[in-house]
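Everything below concerns the one structure shown next.
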Amino acid sequence: MTPSIAFIGVGNMARAIFSGMLVSGYPADKIIGTSRTAEKRDHYQQTFGISMLADNGEALKRADVIVLCVKPAQMQAVIDAFAAHVRADQLFISVAAGVELGAMEHWLGQPVALVRSMPNTPSQLGAGMTGLIANAHTSDEQKSWVTELFSSVGDSVWVEKEEHMHTVTSLSGSAPAYFFRFLEAMIKNGVEQGLDEETSRKLASLTMMGAARMVIDLDEPISQLRKNITSPNGTTEQALLSFEASDIDKIVADAMTACVNRSKSLASDFSASKNESKDG
Ligand SMILES: NC(=O)C1=CN([C@@H]2O[C@H](COP(=O)(O)OP(=O)(O)OC[C@H]3O[C@@H](n4cnc5c(N)ncnc54)[C@H](O)[C@@H]3O)[C@@H](O)[C@H]2O)C=CC1
Ligand SMILES: O=C(O)[C@@H]1CCC=N1
């Protein structure tokens, strides 16, 4: 039987996941979303044919699987409000950056299956990439179901240690934004050189897709793919020398480290021990 799945806090990430699921054939009548805004509930219900509710507790009651999609700062309040009504057979999946399994277990207040995920927005096109880790109460069967769920919107990897979720965030969760930023800069320069925006956008973005497909589909080192384009004393060489002069490795490493550090600081803000000391 297809499980009913409730997305608590429908925003960018929830929409990306359930729209990808719908495209891959998940029945709309098995998908519930929650939003506090009537306009958004109407919009999502009409656009996607899913059930939209105002009450998270009602969504919890109706669902087999609950995907927690609110911002990290809202997670505790959302869980606290329905924790007393959680059933032992339910499966929870969080998409929140930084919020650790231990903190969510603490808020849920009972042994329950819980998966922490770090998806990304290309999920909405079935091209998502998701990192996953489960708590000790999650069965192998539940893990397989979660793998299938995220396979329906792209691909996924299970990490061995929870601290690896910070790295996943910097490599895939946040990373579509890096590529968008890079494209923005390229398109802007194409326009500055005289092309219209549409042409510049098409040239840059389809090139990014083609390059990514070469990396994924061809069994060749990325450095070799790069060298195949870089004629000695040619045009590409000049562009790459310019990147090196700006220390591209450092630029990227600094950005990824900043991302990881923010993920760690979120984890520390919402850690179980901090909550225990607050409670006690
Ligand atoms: N946007 C992204 O690319 C990614 C986001 N995430 C995670 O996904 C989570 C959500 O991020 P976004 O979707 O970008 O944020 P968002 O702001 O677009 O969506 C969150 C939604 O939750 C709603 N909400 C807040 N409190 C609520 C409550 N008590 N009951 C019901 N709904 C409530 C808000 O109104 C909002 O619509 C965050 O924890 C973030 O770390 C993870 C991976 C990628
Ligand atoms: O920026 C954020 O905090 C979220 C998590 C990963 C992508 N967006």
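The values are calculated or read from the model by the stated rules, or taken from the named source; none is laboratory data. The structure presented is a predicted model; accordingly, all values stated were derived computationally and were not measured. Quick reminder, even Gly has a Cβ in these numbers, built from the backbone with ideal geometry, and neighbours come from all protein chains shown.
Per this entry, Val65 is not counted among residues that are touching a strand residue (DSSP E or B) at 6+ places or on another chain (Cβ under 7 Å) and more than 14 Å from Phe92 (Cα to Cα).
Here Ile229 fulfils each of the conditions (1) part of a helix (DSSP H, G or I); (2) surrounded by 12 or more Cβ atoms within 10 Å (Cβ to Cβ) apart from (1). When residues in the stretch 172-188 are screened for being more than 15 Å from ligand 1 (Cβ to nearest atom), small (Gly, Ala, Ser) and touching a residue at least 12 places away in the same chain (Cβ under 8 Å), 0 of them pass.
Inspection of the stretch 78-86 finds no residue satisfying the criterion of being within 16 Å of ligand 2 (Cβ to nearest atom) and surrounded by 18 or more Cβ atoms within 10 Å (Cβ to Cβ).
Kindly state which strands (runs of 3 or more DSSP E) lie completely within the stretch 80-171 and contain at least 2 residues that are touching a residue at least 40 places away in the same chain (Cβ under 8 Å) and either of a type in the set (Ser, Thr, Tyr) or in the same structural domain as Gly25 (by TED's automatic domain parsing) (or both). Walk me through it before giving the result.
Working: elements: 91-94, 113-118, 128-134, 154-158.
In the stretch 80-171, the matching strands (runs of 3 or more DSSP E) lie at 91-94, 113-118, 128-134.
Is it the case, given these coordinates, that Arg116 is within 16 Å of ligand 2 (Cβ to nearest atom) and either among the β-branched types (Val, Ile, Thr) or buried (at least 21 other Cβ atoms within 10 Å of the Cβ) (or both)?
Values: within 16 Å of ligand 2 (Cβ to nearest atom): yes; either among the β-branched types (Val, Ile, Thr) or buried (at least 21 other Cβ atoms within 10 Å of the Cβ) (or both): yes.
So Arg116 passes the test.
Residues of the stretch 79-114 that are under 17 Å from Ala14 (Cβ atoms) and in contact with a Gly (Cβ under 7 Å, 6 or more places away or on another chain): Phe82, Ala97.
Evaluate the following for Ala267: is it touching a Gly at 6+ places or on another chain (Cβ under 7 Å), in contact (Cβ under 8 Å) with a residue 60 or more places away in the chain and either assigned to a helix (DSSP H, G or I) or over 18 Å from Ser174 (Cα atoms) (or both)? Break it down into steps so the answer makes sense when it comes.
Details: touching a Gly at 6+ places or on another chain (Cβ under 7 Å): yes; in contact (Cβ under 8 Å) with a residue 60 or more places away in the chain: yes; either assigned to a helix (DSSP H, G or I) or over 18 Å from Ser174 (Cα atoms) (or both): yes.
Answer is yes for this residue.
Could you count how many residues in the stretch 1-29 are assigned to a loop (DSSP other than H, G, I, E, B) and either more than 16 Å from ligand 2 (Cβ to nearest atom) or crowded, with 20+ Cβ neighbours inside 10 Å (or both)? Total meeting the criteria: 10.
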